[in-house]
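The values are calculated or read from the model by the stated rules, or taken from the named source; none is laboratory data. Quick caveat, the model's predicted, so the values are computed rather than measured. Here the Cβ positions follow ideal geometry from the backbone for every residue, glycine too, while neighbour counts run over all protein chains shown. Accessible surface areas use protein heavy atoms only, side chains included; no ligands, DNA or RNA. Shrake-Rupley method; radii C 1.70, N 1.55, O 1.52, S 1.80 Å.
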Amino acid sequence: MCGIVGIFSHAPVAAELHDSLIHLQHRGQDAAGILTCKERFYTKHGLGLVREVFTPESITKLRGNMGIAHNRYPTAGGRNIDDVQPLWIGRPRGIALAHNGNLVNYAAMAKEIIEEKHRHLNSSTDSDVLMHLLADGLDSHSTPLDAGQDFFAALARSVKNIFTKAQGSYSIVSVIIGKGMVAFRDPHGIRPLVMGERHNADGGTDYIFASETTMFYSLGFTQVADVAPGEVVFVNLEGQLFRERIEIKTFSPCIFEYVYFARPDSTLNQIGVYRARLHMGQNLAQRWREKFPDLIPDVVIPVPFTSNTAALAFAHELGVRYSEGLYKNPFIGRTFIMPNGKLRSRSVRYKLTPQKSEIQDKIVLMLDDSIVRGTTCREIIKMVKEFGAKKIYFVSACPPLIDPCFYGIDLPSREELLAANNSLTQIQEYLGVDQLLYQEKEDLIEAVNRHHEDAVPQFCTACMDGNYITGNITAEKMQSLEMERQKGRDAV
């Protein structure tokens with residue numbers, strides 16, 4: 001999972017790309033990079049948070065009215081400076097690319113590029129492969145020199161080739177020197193990609209493409225559409241917009257975006273994340289009332305911050321007081337996307353402080369967005385007990401996670417997933433709670449789809465049911481993918 005953004009503007013874009021990365025920091029905190037384009041590429045990359053990578057001086061050196069940027073949360077490759085995006089290649093013309101997602105056939109494609117095409121890959125990421133595929137399609141003397149409809153047709157053919165070869169999830173923003181900006185999304189639309197526009201002072205239109213809408217308001221953009229699954233969008237240097245959907249498959253966006261990753265003020269696939277989480281809390285409360293009508297907590301406390309919205313709705317539905325009984329230090333990153341278990345466990349007590357007045361001598365119901373390994377949940381529950389809770393009930397806004405994700409979320413192997421290897425009773429005992437309830441998968445899907453006119457036909461719920469949308473992940477393939485991913489973890 002990463003955060004990507006591309007801006008085409010009438011004015012220099014470096015500062016707006018930087019601000020956009022700040023708004024997308026929650027999607028990746030390992031590294032960040034900005035690439036702008038004028039007659040050449042201007043780049044700045046670094047390891048760490050956005051505020052650690054960029055300075056005002058470095059931003060002023062990034063010239064051009066067109067550029068792309070990336071926050072990295074690695075699910076492929078290692079954690080070194082060579083893997084920080086955006087990536088670029090000099091031939092043909094100069095192509096740069098930023099990618100959110102994960103390819104499941106990366107190894108085979110990398111082997112083909114190296115051994116058959118005799119090309120060199122500068123990084124260990126699957127994004128490098130996607131960039132070479134895009135370049136290959138445009139590396140032809142027959143590619144039109146102008147950047148009009150004929151060039152867009154050549155570009156569409158190149159992206160069509162990617163759709164044919166690349167298996168997995170990929171939302172892409174790219175710039176081509178002398179041509180313009182490109183955005184496209186895999187045929188299943190697994191990872192989000194939204195599009196906005198604003199009218200500029202010169203009478204033209206500026207465009208933005210991003211993983212989420214979080215920066216649109218502050219930068220003056222209005223959301224006009226989601227880049228459709230299997231669609232390619234091109235903006236040439238004159239600001240002309242070209243769009244074509246060239247591959248149509250079952251639309252299957254990742255439902256975990258709504259559970260955890262996306263910011264609540266985002267709108268993805270025409271669905272508001274905040275409302276979806278309210279509905280999750282309502283559905284979960286109704287299930288609680290059905291199954292445990294006699295178990296009424298004194299207070300409902302979210303595990304902040306992702307769970308706050310669902311917990312608020314849960315408390316309202318039950319008629320119980322909602323309290324932010326765990327204070328979260330906002331200057332510590334998201335533990336889910338930290339690179340190893342030791343860092344995640346250590347950071348829990350650094351970032352969360354129980355409020356004694358809200359916990360002591362009370363029956364506490366805690367709501368978390370999901371239970372993955374269970375280690376951080378267990379630590380938080382232990383902290384709440386230390387502050388004098390009489391009883392602790394625990395509910396998860398997400399169904400049990402029983403399979404790893406290979407589409408861009410670093411969910412661990414089956415062996416590490418708590419729900420994949422334990423019964424509900426065993427999980428309850430491991431966590432040390434008096435009662436435990438998970439969201440039903442059908443309730444989660446209804447919560448996200450509710451009131452949405454064009455309901456999504458089939459969300460990707462592979463982590464909850466093993467139904468991998470690309471249909472090519474066998475037990476043998478899963479083992480191979482796990483080995484590849486472990487190499488990246490070992491590189492930390």
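I'd like the full set of residues that are modelled with pLDDT of 95 or more and of a type outside the set (A, V, I, L, M), limited to segment 1-19.
Matches in segment 1-19: Gly3, Gly6, Phe8, Ser9, His10, Pro12, Glu16, His18, Asp19.
Identify the single condition in (1) surrounded by 16 or more Cβ atoms within 10 Å (Cβ to Cβ); (2) within 28 Å of Phe251 (Cα to Cα); (3) hydrophobic (A, V, I, L, M, F, W, C) that Ile177 does not satisfy, given that it satisfies every other one.
All conditions are met except number (2).
Would you say Ser396 is out of contact with any Asp or Glu (no Cβ under 9 Å at 6 or more places or on another chain) and either under 29 Å from Asp443 (Cα atoms) or not aromatic (Phe, Trp, Tyr) (or both)?
So Ser396 fails the test.
Mind checking which pairs have a first residue in segment 52-71 that is farther than 11 Å from His18 by Cα and a second that is at pLDDT 95 or above and open to solvent by 60 Å² or more (accessible area, probe 1.4 Å), Cβ under 7 Å, 6 or more apart or different chains?
Once the first residue is farther than 11 Å from His18 by Cα and sits in segment 52-71, its partners that are at pLDDT 95 or above and open to solvent by 60 Å² or more (accessible area, probe 1.4 Å) give Arg63/Pro12; Gly64/Pro12; Asn65/His10; Asn65/Pro12.
Considering segment 87-112 alone, what residues qualify as being in contact (Cβ under 8 Å) with a residue 60 or more places away in the chain and either under 20 Å from the mean Cα position of the chain (by Cα) or part of a loop (DSSP other than H, G, I, E, B) (or both)?
Result: Arg93, Gly94, Leu97, Ala98, His99, Asn100, Gly101, Asn102, Leu103, Val104, Asn105, Tyr106.
Collect the residues in segment 449-467 that are open to solvent by 20 Å² or more (accessible area, probe 1.4 Å), of a type outside the set (D, E, K, R), under 21 Å from Ile248 (Cβ atoms) and in a loop (DSSP other than H, G, I, E, B), keeping them in residue-number order.
His452, Ala455, Pro457, Gln458, Asn467
If the requirement is being at pLDDT 85 or above, in a helix (DSSP H, G or I) and under 22 Å from Val13 (Cα atoms), which of these qualifies: Glu115, Glu57?
Just one listed residue meets the conditions, Glu57.
Scan Phe251, Phe292, Phe261 and give me the residue that is of a type in the set (Phe, Trp, Tyr) and over 22 Å from the mean Cα position of the chain (by Cα).
After ruling out the rest, the residue left standing is Phe292.
Kindly list, by first and then second residue, each pair from a residue in segment 285-313 that is touching a residue at least 40 places away in the same chain (Cβ under 8 Å) and open to solvent by 40 Å² or more (accessible area, probe 1.4 Å) to a residue that is outside any helix (DSSP H, G or I) and among the charged types (D, E, K, R), limited to pairs with Cβ atoms under 6 Å and residues at least 6 apart or on different chains.
Once the first residue is touching a residue at least 40 places away in the same chain (Cβ under 8 Å) and open to solvent by 40 Å² or more (accessible area, probe 1.4 Å) and sits in segment 285-313, its partners that are outside any helix (DSSP H, G or I) and among the charged types (D, E, K, R) give Asp298/Lys362.
Among residues belonging to segment 240-256 that are in a loop (DSSP other than H, G, I, E, B) and open to solvent by 20 Å² or more (accessible area, probe 1.4 Å), point out the one that is nearest to Ser396 (Cα to Cα).
Within segment 240-256, the match that is nearest to Ser396 (Cα to Cα) is Phe251.
For the condition open to solvent by less than 10 Å² (accessible area, probe 1.4 Å), in contact (Cβ under 8 Å) with a residue 60 or more places away in the chain and within 27 Å of Glu442 (Cα to Cα), what is the one hit in Val259, Val235, Val227?
Val259
If I go through segment 10-30 residue by residue, how many of them are open to solvent by 10 Å² or more (accessible area, probe 1.4 Å) and among the small types (Gly, Ala, Ser)?
Total meeting the criteria: 2.
Would you confirm whether any residue within segment 3-17 is in a loop (DSSP other than H, G, I, E, B) and acidic (Asp, Glu)? Full working, then the answer.
At the first step, the residues of segment 3-17 found to be in a loop (DSSP other than H, G, I, E, B) are 9-13.
Filter again for acidic (Asp, Glu), leaving none.
No; the residues of segment 3-17 include none that is in a loop (DSSP other than H, G, I, E, B) and acidic (Asp, Glu).
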